[in-house]
Structure formats: structure tokens, C-alpha cells
Amino acid sequence: MSSSPASSPSEGGGAGGEEERGDGGDEEIVGGPSDRPPRRSGDPSSTRRRSADAVWPEHFVESVAVRVAVDAARSDGRLAAGPAMAAIFQVCSTWRAVSRSELLWEDATRGVWYRRWSLLPTWHEEFVRLHRTARNFRTRRSAHSHLLPAASPALSCRRLALSDRYLAAGFLDGSIRLFELPSGLHLTTYRTHPQRDRLGPFSQSISGLILLSDPSRLVFACQDGDLYVAPLDDPVSGSTRRAHVGNLMEDGTLVDFAGDSRWWVGLFAGLAGRSWHVWDAETEQLVYEGGSLTDPDSVLGWRMLTDLDGPTVGRVRTPEPGAMVACTSSRLQVVDLDDPGEVSNQVEFRRRAVVESVDACDGRVMVVDLRGLARVLRARTLAEVCRFSTVVRLEGHPQQRVQGMVGCMNWGYAVVCSVGSLRVWDASTGEYLYSFRERVGDVTVVAASDRYVAAWVNDTGLHLWDYGAL
């Protein structure tokens, strides 16, 4: 797709000009006389009543409505799908009756929002919920809550993960705190095994969290390479099981960890030729180890065990089923997880990337460079979707300080924090939308889902924004 550069946003800017596009579910689509071609002799009268279902069977109308919604979402964004379907249902009363089909709304929810399960009693309600939440995200309608105050440096947060039901926060001391959503209630605290001999004071630091729904479980990893699984059918118990015992001397430091219900992927640094490891999520067996992405950063990898104030080595993400993207400050690689030994695509950065701002979701990956220029790329092909500047022009400071910049993505939006402000862009067009009303401080970790944004600030603790509460 063609890129669409955006100018530098000003602090306190409002929502984008398309913010009202999604609120069209009840609009009537009425065409004027000029919309119709002149009637030829012998044509049926336009005023004669005809039965639509005599020509368009119900299942065919359902297919047309779903196709119209999916096409509208692909061309104009997912918020355009609802108004497009509303226009279909206004053709006649027979077509309007089709709007009560649960199969139609299930297919539309899967096709537009990529949802495979419903949180509400009906698929129609689920479609409406997703549409309303997405519109709230675009127009800055959220409820903010402060879940956890800052404590000692040992409780500095390293990783955040979100699902429909839970928020998990992993800390420097190896503990993970699990919160229920949307209430924000703290359910339990998981801990790693303390009996092992550790190499360095930060060996137990959490390097990755995965929240899975089928079955419901939390998978987390430490820098020493240990992997743990915690079932979430009874989260209050806080029970964990070690699924893999790491070996620092053979693998190096586990600098990041990600995955889904099919694969778990760890990015390592410390030894040549062992950059990433891949586990089968079902059997929990290691199926691949290799790669040279982090070979130039081996020293940085070892230093992470004793010093976490240095440069971040890299990030790994699974932007879509069967694909992995791994990024350092100098290079980004794409790997097909069905054949992890082959790098399917790669890009070298002419200007170094801010690794803390690398994230991927819904088949796209975002990378921000040291100039503050963000690029959103197709995960498989690395074709550019859009680009935008994250630079904040402050009075007396013509250049932005990009140190400490962090960012994340969800299905449609990019969230970047710098100079103490969280700001949002449209990840399809690069349009700047708004900054968060709450000035919580300098964010060090941030994560987003389709409904929530969670952020950790060393001075104030853990914050949550809920875009589905209003």
C-alpha cells in the first residue's frame, strides 16, 4: 500500500476527522431521482411491489451482506462495516428481516473483527460491542483506573499481557501479578522456583508473558530460559508448573518471549547461532533452535543478567498464526514457523530502531527509529502500510528526546509514549488521533488489546484504560 506520512502532532490534539464514521448503524440510505437511469419502454414500473426473496434467497442475502461488510472494512476501515450492512438492510422489509440471522452476524464478526468466540449471548451483540469499542478507541472514550502503586525497584514491571479476561504483569523479581478484567481486581501472584542457582541478580526477571484462552492458561519465561505454565481455570490458587528448564551456558540470555496457542518463541542473546528457540505449544517440546539475528549483541545479552539499564537487545512477536517477527536495533527478520530454519524476509535499518517501540498485531509490525519516525509494515512481506512522525515539538526543544520511547499496537491503532505523553495513531493510515487525557508520567512498558491499554510507570505504578466501559 502507499504510505501516508503525517505531520508532527501537537500536544493535546483531538481525534481525527473520521471519528464519526462508525456511528452509522441506524442511518437511512436514500437515493435521489438522479441516482436512477431513465426507464425504457417495456421496463417494469418502479412503483410496482415485488418480492425480494423471490429473486434473492435468504442465505444469498446473508452472503451479500457479509461480503459488503468485509469489503467496506478492507477499503475504509472496520468502522465502515456497520454502516455498510445497515444500508443493505434498508433495501426492503424482507432484507431487513435477514438482519436477525445469528449466522449472518457470526460470519460478519469473523470476517470483519477476526473473532472466533463471542463474549456476549448473541453474535449480533458481539458485533455491536466490537464496533462500539473500536469507535471509543478512535474518539478517546475510556475509563482510567490505577491498579497498583509503584513499590521498590525490585518490583519494577518488565512485561505486560492482556486478554479479554485478564491482565498479567511480570516483574524484575520473577513474580507475576494477575488481575481480573474489567474489574481490575488482583487475583493472585505467581512466582518462579527460587531453589535454582542463578547467574546474575536478574536471572529471574520476567522476559515474556502469553495469555492463552484455549485452554485458559498463562505461559511466562525468565531471562535464565525457564518456562512456566499456570492454568487459569482456578487462578486464585497461584499454582505453576515449570515446562522447560533453561540453560544459560548453552543458550545465552532469554531476552524476549512471545507466542500463541500453536507456537512459543524465545529470542536469545549470548551465544552465536542460537538466536531463537521454538516450542510446540501443545506438546511443550523444543522443535527448533538456531538463527544469527542477535549474534552481534551477545555481550549485551550477558549484561542483562547484571544490568538492565543498558540498551534493549531485541523483541520477538507472532503477528499472525504461523509467522514470527524478531527485531534488534539494526535488523528485522520474518520467519515462517512451519520452517523456522529459513528467514523468509528481512530488512536492515539505515537508522537504528527504538527496540522498545517494536510491536506487531493483526498481520502488521510497527518499528520506530531514533528520529521518531514510525513505520507500519506488512508482517509477511515487509511492505509499508503507512508511516508517521512521533516527534513532539516542545518550546525551546526543537528535537525530540527519543530515549525511553515505548510503543505497542492493537488491531487498528498504534500507541506510543514519549516525553510523558501517551498518544494514538491510526495504524492503517498514519493519521494522528489524540493524546491520553491522563498524564501518568514516563511509561516504561505498555500493551494494548482491542479493548484495553495497560501501562507501567516507575513513579506511579500500573495503569489501565478500558475503552469498552462507556
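Put one equal scatterer on each alpha carbon of region 143-466, apply the Debye formula with no solvent term, and list log10 I(q)/I(0) at q = 0.07, 0.11, 0.13 1/Å to two decimals. Relative scattering, expressed as log10 I(q)/I(0), comes to -0.24, -0.64, -0.92. Here the calculated FRET efficiency for V299 and A150, from their Cβ-Cβ distance with R0 = 25 Å, stands at 0.20, rounded to the nearest 0.05. Based on the alpha-carbon gyration tensor of region 52-128 and its eigenvalue square roots a ≥ b ≥ c, which shape applies: rounded if a/c is under 1.5, prolate if not and a/b is larger than b/c, or oblate? It comes out oblate by the Cα gyration axes. Annotation: amide H-H contacts under 5 Å for V287 (H modelled 1.01 Å from N, sequence separation of 5 or more, or interchain): V278, W279, D280. Less than 5 angstrom separates the built amide H of Q223 from those of S205, S207, all sequence-distant by 5 or more or on a different chain.
Annotation for R350 and R387: the two label points, set 7 Å from Cα along the Cα-Cβ direction, are 0.8 nm apart. For region 294-304, the Karplus equation 6.51 cos²θ - 1.76 cosθ + 1.60, evaluated at θ = phi - 60°, returns couplings of 9, 4, x, 10, 4, 5, 4, x, 5, 5, 4 Hz by residue, with Gly and Pro reported as x.
Every number here is computed from the coordinates shown, using simple stated rules; none is lab data. Every value quoted in this text rests on a predicted model; they were computed, and no experiment measured them. Positions of Cβ are generated from backbone atoms using ideal geometry, with glycine treated the same way; all protein chains shown enter the neighbour counts.
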